Every structure is written in C-alpha cells, then in structure tokens.
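Asker: My questions all concern the structure below.
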Amino acid sequence: MERDQPLLRSQRLRLVNHQGDALRLGMNWTEEDLGKPQVLVDSAYGTGHPGTFHFRELIEEVSNGVYEAGGKPGVFTVSDICTGSSRPPTA
C-alpha cells in the first residue's frame, strides 16, 4: 500500500487494539497478514438444506480473490435456515 493513501479501517484499528494482533496470531495469521486489508466474507453455507449447500465453493473462490488482491479474508458464517423450515404452518 502506498504511503500517501489513507489507512483502511482494519489498519487504523490496529493502532488502538493491540490485543487484536495477538488474537489473530493465535488463529494462524502471520505477521504479514496483520498488515493486509482485512475483508469479512459473509457466508450462509450449511448442510441444513440444498439452497446454501453450494456456497462452500463460492466462499473459497471469494476468499481466494481477496488473497490475490492482497487482502486477508475472514469468513463469518450465519445460519443457513430455510424460510420454508422456519415459517409456521398455515391452515
């Protein structure tokens, strides 16, 4: 990253949250990873129903794209519950 560009939010947070570096290093991040732009990749992958089962490959592709662009992805998984499963039955 060039010096005249402003710091990204993930980089600014490192200036005030030093504990975050130690936590990330404990999750197999490298020292180099800590300085990269951090990109949260939101995933609804799951095996609860077929509507999200194919997301695993998509999340891997997105994460690879973040790596290739010089960033560090962090995958965050949310529930894959299907609306058909969560709606109450109708009369």
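Asker: So who's got an amide H within less than 5 Å of the one on LYS72, skipping anything under 5 residues away but keeping other chains? H placed 1.01 Å off N, in plane.
Answerer: GLN38, VAL39
Asker: I would also like to ask the following. Working out 0.36 nm times the residue gap between PHE53 and HIS18, then minus their Cα-Cα distance, what length gain in nm do you get to one decimal?
Answerer: So the chain would gain 8.9 nm between PHE53 and HIS18.
Asker: Net charge within 12 Å of ASN17 by Cβ-Cβ distance, Lys/Arg positive one each and Asp/Glu negative one each, not counting ASN17 itself?
Answerer: With Lys, Arg at +1 and Asp, Glu at -1, the neighbours total +3.
Asker: First compute the accessible area of region 1-52 with a 1.4 Å probe, then give the percent of it belonging to carbon and sulfur atoms.
Answerer: Ligands and nucleic acids excluded, carbon and sulfur reach 55 percent.
Asker: Which residues' amide hydrogens lie under 5 Å from the amide hydrogen of THR77, considering only partners 5 or more residues apart or on another chain, with H built in the peptide plane?
Answerer: Result for THR77 returns SER43.
The values are calculated or read from the model by the stated rules, or taken from the named source; none is laboratory data. Quick caveat: nothing in here was measured; it's all calculated off a predicted structure. Ideal geometry is used to build each Cβ from the backbone, glycine not excepted, and the neighbour counts take in all protein chains shown. To get the accessible areas, we keep the full protein, side chains included, count just its heavy atoms, and leave off ligands, DNA and RNA. Shrake-Rupley method; radii C 1.70, N 1.55, O 1.52, S 1.80 Å.
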